[in-house]
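Here is the structure we will look at.
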Amino acid sequence: MAKPDELLALHDVAGELFELLRSWFDVPASVPLDLSAVDAAVRELGDPQMIAALAMRKLQALHLLATPGVRTTTDVVVTIIQDLQRALLQAPRMRLQVKAAAVDWDAELAGLDDLEPDDAPAEASGRDAELDRFRELHRRVNAAVVAVVEAGDGEIVILV
């Protein structure tokens, strides 16, 4: 069966999400995994950078599966996207936590004393364009998994 257009569109979506996660969490080009013991991952799996890195690995797989001509099956696509979901849901919140942890709050609060009344904005600033784009890309991932399930009519089928 031919891959749904929504799945093929994930080829570019996966690349864009990959780069957003890299920039948000400063993920290096290579990330080591601690396989010394079964519970060695406890510390790593709580680290936002490691969570982003593992999601980026899933995005690499999704990018491949969304490539025209690469054979896959509906269950593989659903599984990869399901594995990716938790990280995509958590990423915006983790991004804010990482940014907040990096701020010198004492210096920021001390700087408030130096502000003049005219320095304050008249109203709250606009939306976060990166976050809006991230949410749109995530929505497209969700639309693709629905299209894949519908294309297979709930059955496991080969997609090309």
Problem set entry | Residue list for the range 101-127, restricted to those being under 30 Å from Gln49 (Cβ atoms), of a type outside the set (Asp, Glu) and at pLDDT 75 or above | Ala101, Ala102, Val103, Trp105, Ala107, Leu109, Ala110, Gly111, Arg127
For this session: Examine the range 24-41 for a residue that is in contact (Cβ under 8 Å) with a residue 60 or more places away in the chain and surrounded by 14 or more Cβ atoms within 10 Å (Cβ to Cβ), and state whether such a residue exists.
Result: yes
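Being within 30 Å of Glu6 (Cβ to Cβ), out of contact with any helix residue (DSSP H, G or I) (no Cβ under 9 Å at 6 or more places or on another chain) and loosely packed, with under 14 Cβ neighbours inside 10 Å narrows it down to one residue among Arg139, Arg86, Arg133; which is it? Spell out the reasoning first.
Values: Arg86 fails: out of contact with any helix residue (DSSP H, G or I) (no Cβ under 9 Å at 6 or more places or on another chain); Arg133 fails: out of contact with any helix residue (DSSP H, G or I) (no Cβ under 9 Å at 6 or more places or on another chain).
Arg139 is the lone residue from the list that is within 30 Å of Glu6 (Cβ to Cβ), out of contact with any helix residue (DSSP H, G or I) (no Cβ under 9 Å at 6 or more places or on another chain) and loosely packed, with under 14 Cβ neighbours inside 10 Å.
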Exercise. Checking Ala37 against (1) of a type in the set (Gly, Ala, Ser); (2) closer than 30 Å to Asp153 by Cβ; (3) not in a helix (DSSP H, G or I), which single condition isn't satisfied?
Worked result: (2)
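Suppose the filter is closer than 30 Å to Pro68 by Cα, assigned to a loop (DSSP other than H, G, I, E, B), free of Cβ contacts under 8 Å to residues at least 40 places away in the same chain and not acidic (Asp, Glu); does Gly126 pass it? Lay out the reasoning, then the answer.
On the way: closer than 30 Å to Pro68 by Cα: no; assigned to a loop (DSSP other than H, G, I, E, B): yes; free of Cβ contacts under 8 Å to residues at least 40 places away in the same chain: yes; not acidic (Asp, Glu): yes.
Judged against the criteria, Gly126 is not a match.
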For this session: Name the single residue, out of those in the range 54-113 being β-branched (Val, Ile, Thr) and outside any helix (DSSP H, G or I), that is nearest to Glu44 (Cα to Cα).
Result: Val103
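The values are calculated or read from the model by the stated rules, or taken from the named source; none is laboratory data. For clarity, every value in this text was computed on a predicted model and none was experimentally measured. With ideal geometry, Cβ positions are generated from the backbone for all residues, glycine too; neighbour counts draw on all protein chains shown.
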